[in-house]
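Working notes for the structure below.
The values are calculated or read from the model by the stated rules, or taken from the named source; none is laboratory data. Computed from a predicted model, the values in this text were never measured in an experiment. Please note: Cβ atoms are built from the backbone with ideal geometry, for glycine as well, and neighbour counts cover all protein chains shown.
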Amino acid sequence: MEMKVVTESLKASFDRGWEFLNQIIEVCPDDVWNKKAGGYYFWQQLYHCFACADIFIMPKGGALENPDIALFKTELQSAMSKEEVKKFGSKMKGKADAWIESLDDAALCEIHEGFSEKRGSPVTNALAFTAMISHSSYHIGSCDAILRDNGQKGVL
């Protein structure tokens, strides 16, 4: 019998974080959406967060979509729209959900070849999963603070 007690608990945390990211998009006023804060455009921080989910789960030899934007190597002349960022986030969530669905608790102890390749050292599926959650949590807090610094209520 396949045990998914730990996997399902981690998935609940991941899903809650993704809900916060989408709430941030919804409540962000237009004048903050394309504002630089913390050195980067607000919208690009969300795009980065969604894109990095792919880093944690991609197979060996995989590549990021739009790596220059995702990794803050370029600045676009104009912001991506909220709908574009949400659509991209939905795509990344689908990829993450499929990967998570493939895991059971025993698989959490196995080596994740793709993330291990990126890190240059062996990484378990558990570490890849929790790194994805903690990375999202960091950006949720960061974006929430930017919203609050700009007179908004925030989502947390």
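Of the residues that sit in region 61-90 and are in contact (Cβ under 8 Å) with a residue 24 or more places away in the chain, outside any loop (DSSP other than H, G, I, E, B) and aliphatic (A, V, I, L, M), which one is nearest to Val123 (Cα to Cα)? Ranking the candidates gives Ile69 first. When you scan region 89-109, do you find a residue that is over 27 Å from Val6 (Cα atoms) and exposed (fewer than 14 other Cβ atoms within 10 Å of the Cβ), even just one? No, every residue in region 89-109 fails to be over 27 Å from Val6 (Cα atoms) and exposed (fewer than 14 other Cβ atoms within 10 Å of the Cβ). When you check Leu103 against the structure, is it among the aliphatic types (A, V, I, L, M) and modelled with pLDDT under 95, yes or no? Answer is no for this residue. The residues in region 120-156 that are at negative phi and surrounded by 15 or more Cβ atoms within 10 Å (Cβ to Cβ) can be counted, and the count is 24. Among the residues of region 140-156, just one is within 10 Å of Leu21 (Cα to Cα) and modelled with pLDDT under 95, namely Val155.
Quick grid of which residues meet (1) surrounded by 18 or more Cβ atoms within 10 Å (Cβ to Cβ); (2) under 22 Å from Arg148 (Cβ atoms):
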| position | (1), (2) |
| --- | --- |
| Val6 | no, no |
| Glu19 | no, yes |
| Ile24 | yes, yes |
| Gln44 | yes, yes |
| Met58 | yes, no |
| Gly62 | no, no |
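Mind listing whichever residues of region 1-60 are over 21 Å from Ser134 (Cβ atoms), part of a helix (DSSP H, G or I) and of a type outside the set (Asp, Glu)? Val27, Val32, Trp33, Trp43 - these are the residues of region 1-60 that are over 21 Å from Ser134 (Cβ atoms), part of a helix (DSSP H, G or I) and of a type outside the set (Asp, Glu). When the test is whether a residue is exposed (fewer than 14 other Cβ atoms within 10 Å of the Cβ), among the polar types (S, T, N, Q) and modelled with pLDDT of 95 or more, Ser13 does not pass it.
Results for (1) farther than 19 Å from Phe14 by Cβ; (2) in contact with a helix residue (DSSP H, G or I) (Cβ under 8 Å, 6 or more places away or on another chain); (3) acidic (Asp, Glu), shown as yes or no for each residue.
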{"residue": "Leu71", "(1), (2), (3)": "yes, yes, no"}
{"residue": "Ser102", "(1), (2), (3)": "no, no, no"}
{"residue": "Ala107", "(1), (2), (3)": "no, yes, no"}
{"residue": "Glu110", "(1), (2), (3)": "no, yes, yes"}
{"residue": "Gly114", "(1), (2), (3)": "no, yes, no"}
{"residue": "Ser142", "(1), (2), (3)": "no, yes, no"}
{"residue": "Leu147", "(1), (2), (3)": "yes, yes, no"}
{"residue": "Lys153", "(1), (2), (3)": "yes, yes, no"}
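So for region 114-137 (the condition being of a type in the set (Lys, Arg), over 11 Å from the mean Cα position of the chain (by Cα) and part of a helix (DSSP H, G or I)), does at least one residue qualify? Scanning region 114-137, I find at least one residue that is of a type in the set (Lys, Arg), over 11 Å from the mean Cα position of the chain (by Cα) and part of a helix (DSSP H, G or I), so the answer is yes.
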